Amino acid sequence: MPSVFIKTYGCQMNERDSEAVSAQLVARGYTLAPSEAMADVVLLNTCSVRDLAEQKALGKMRSVIGNSRRARPGQIHGFLGCMAQSRGAELVEQMPGVDLVVGTQKLHRTGEYLDDLLARRRGKIVETGDEEGSQSEVRDHLVLSGSAETAPAQVSAFVSIMQGCNQHCTFCIVPATRGGERSRSIPEIVDECRRLAGRGVREVTLLGQIVTSFGKREIPVAEGRSAFVQLLDAVHAVDGLERIRFTSPHPKGYGDDLIEAFGRLPKLVESAHLPLQSGSDRLLKLMHRGYTLERYLGIVRRLRAVKPSIGVSTDIIVGFPGETEEDFARTMEACDEVLFDMAYVFKYSQRRDTPAATMEDQVPQETIEERHRKLLDRINAQGMAKYEALVGRTVEILVEGPSHRNAARLEGRTRCNKIVVFPGSPRHVGRVMDVRIERTGTFTLYGDPAIVNLDPSGDDDGVVTGAVETVGMSHR
Ligand code: 5AD
């Protein structure tokens with residue numbers, strides 16, 4: 001059976017898409033290779049949000065093709081996802097070793113295309129057309145999950161609720177790569193969440209490019225609740241799920257109904273990603289963001305009034321065309337005012353066919369670098385202070401599995417989306433438990449399992465014995 005290796009660049013939607021393509025290929029009889037060197041097929045699932053992400057994938061493909069010439073002639077090479085969508089045929093023209101280009105609305109057909117290539121029924125394949133209903137395809141994406149009786153193989157899962165975006169921010173290539181907004185139906189999403197919960201998943205992250213616009217045109221507001229909040233209500237009712245997250249929202253989607261949902265729905269965790277992009281109203285307008293700083297700050301205030309411990313993270317772009325020192329100062333001040341738990345700070349990158357790419361006053365690269373460094377330093381200091389404030393406190397975590405940094409320890413996430421590493425045993429995976437925060441690392445918390453109130457589904461006697469014994473040695 002042919003083996004496949006998939007490497008993913010970019011956002012969580014891409015991660016989920018790669019999982020879905022893997023599941024689809026495994027169902028067709030393909031195996032998953034442990035590395036690109038051992039694979040019959042290498043697929044790169046790409047990101048186009050910034051030029052850097054595209055360059056990384058292009059460089060990787062060049063090296064994969066070069067290596068395969070010597071070691072694995074006949075290896076099949078494909079680009080999937082956003083860059084495949086935006087560059088299309090140009091990818092096979094410029095890189096003769098590329099056999100396959102699959103756009104964002106054709107991912108569920110990857111298996112057919114590979115079958116055709118391997119059987120030599122078709123030569124090179126470039127498929128980037130639109131496809132009606134593609135947002136509802138490739139649902140099953142838990143490839144390697146075990147049975148729910150043992151520790152669940154996957155505690156947290158992504159659920160795609162919609163595709164595309166109609167916001168047309170002037171810097172953003174996403175409307176071109178992911179198309180216009182198309183939502184799945186609430187029953188279809190709830191059904192997927194139910195099946196995931198049945199397989200041991202305890203947390204779902206609802207995914208889309210602009211989730212707060214979910215179902216806007218298809219599902220009318222009911223009792224003051226938008227389609228997105230109706231979806232949250234429906235997912236909240238799924239037995240077995242402990243936590244609900246969502247990303248990425250748009251600030252304009254935080255109406256009273258959504259803010260109120262944070263207070264009303266216990267499974268909706270205290271975590272909000274609120275992409276600010278800039279603190280300058282002038283720039284927000286040029287970016288076509290649809291809010292002012294004052295409105296944005298109002299949302300943060302109202303969220304914190306409902307949930308004082310809510311973790312607030314953001315995306316900020318520095319060096320958008322025309323950004324003056326004055327505009328940049330507004331962004332720094334906005335960060336001082338909000339005090340984000342975490343922020344992704346991006347250097348503005350010109351994207352083809354976006355309105356901002358041809359705006360006047362593109363900011364020189366040195367200025368972008370300098371502002372990026374300044375803002376990152378400020379944001380990191382503010383974020384670290386938030387982490388330090390948790391030392392000595394007991395927090396609730398959902399245990400996800402072995403720590404990525406040290407497989408001998410476990411890793412979980414607080415409700416406000418901070419990673420906690422702690423000593424524990426595999427039977428804790430999938431459990432909600434309390435840990436006392438002992439110290440912080442760089443955007444990581446180190447915890448000590450408290451005398452715990454394990455979730456009621458557990459068969460534990462309420463005390464994490466083994467873990468408590470080891471904790472003193474490894475942490476003090
Ligand atoms: N340049 C830099 N950052 C960008 N983003 C989107 N487009 C660009 C661009 N052209 C950032 C935004 C968005 C995040 C996913 O990527 O901050 O919220």
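The values are calculated or read from the model by the stated rules, or taken from the named source; none is laboratory data. Just so it is clear, the structure is predicted and the values come from calculations on it, not from any experiment. Here the Cβ positions follow ideal geometry from the backbone for every residue, glycine too, while neighbour counts run over all protein chains shown. With ligands, DNA and RNA removed, areas are computed over all heavy atoms of the protein, side chains included. Shrake-Rupley method; radii C 1.70, N 1.55, O 1.52, S 1.80 Å.
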Among the residues of the range 424-443, what is the count of those that are more than 21 Å from the chain's Cα centre (by Cα) and either open to solvent by 10 Å² or more (accessible area, probe 1.4 Å) or free of Cβ contacts under 8 Å to residues at least 12 places away in the same chain (or both)? 13
Just need a number here: residues in the range 444-470 that are part of a loop (DSSP other than H, G, I, E, B) and either buried (at least 21 other Cβ atoms within 10 Å of the Cβ) or modelled with pLDDT of 90 or more (or both). 2
The one condition in (1) open to solvent by 10 Å² or more (accessible area, probe 1.4 Å); (2) in contact with a strand residue (DSSP E or B) (Cβ under 9 Å, 6 or more places away or on another chain); (3) not in a helix (DSSP H, G or I) that Gly290 fails to fulfil: (2)
Filter the range 277-292 down to residues that are within 16 Å of the ligand (Cβ to nearest atom) and free of Cβ contacts under 8 Å to residues at least 60 places away in the same chain and give me whichever is nearest to Asp327 (Cα to Cα). Ser280
Note on Met384: of the conditions (1) of a type outside the set (Val, Ile, Thr); (2) out of contact with any strand residue (DSSP E or B) (no Cβ under 8 Å at 6 or more places or on another chain); (3) away from the ligand (no atom under 13 Å from the Cβ), unmet is (2)
Go through the range 342-357 and give me each residue that's modelled with pLDDT of 95 or more and either of a type in the set (D, E, K, R) or near the ligand (Cβ under 10 Å from one of its atoms) (or both). Ala343, Tyr344, Val345, Phe346, Lys347, Tyr348, Ser349, Gln350, Arg351, Thr354, Ala356, Ala357
Return yes or no: is Ala329 more than 16 Å from the ligand (Cβ to nearest atom) and either touching a helix residue (DSSP H, G or I) at 6+ places or on another chain (Cβ under 7 Å) or closer than 14 Å to Ser278 by Cα (or both)? yes
Pull up the range 344-376, narrow it to residues that are of a type in the set (A, V, I, L, M, F, W, C) and part of a helix (DSSP H, G or I), then point me to the one that is most open to solvent (accessible area, probe 1.4 Å). Leu376
On the given criteria, is Leu297 more than 17 Å from Arg330 (Cα to Cα), outside any loop (DSSP other than H, G, I, E, B) and more than 16 Å from the ligand (Cβ to nearest atom)? no
Does the range 236-251 contain at least one residue that is within 16 Å of the ligand (Cβ to nearest atom) and in a helix (DSSP H, G or I)? yes
I'd like to verify a number: residues in the range 50-73 that are open to solvent by 70 Å² or more (accessible area, probe 1.4 Å), in contact (Cβ under 8 Å) with a residue 24 or more places away in the chain and not polar (S, T, N, Q), how many? 7
Does at least one position in the range 156-173 carry a residue that is out of contact with any helix residue (DSSP H, G or I) (no Cβ under 6 Å at 6 or more places or on another chain), open to solvent by 20 Å² or more (accessible area, probe 1.4 Å) and within 16 Å of the ligand (Cβ to nearest atom)? yes
Out of all the residues in the range 406-424, is one or more among the small types (Gly, Ala, Ser), at pLDDT 90 or above and part of a strand (DSSP E or B)? yes
Pair list, Cβ under 6 Å, 6 or more apart: the range 348-372 residue without any contact (Cβ under 8 Å) to a residue 60 or more places away in the chain, other residue open to solvent by less than 70 Å² (accessible area, probe 1.4 Å) and more than 13 Å from the ligand (Cβ to nearest atom): Asp361/Gly322; Arg371/Phe328
Those residues that are of a type in the set (A, V, I, L, M, F, W, C) and either part of a loop (DSSP other than H, G, I, E, B) or farther than 16 Å from Lys216 by Cβ (or both), I need them from the range 170-191; list them, please. Phe171, Cys172, Ile173, Val174, Ala176, Val190
How do the helices (runs of 4 or more DSSP H) wholly within the range 1-91 filter down when requiring 3 or more residues that are out of contact with any Phe, Trp or Tyr (no Cβ under 9 Å at 6 or more places or on another chain) and at pLDDT below 95: which remain? 12-27, 51-71
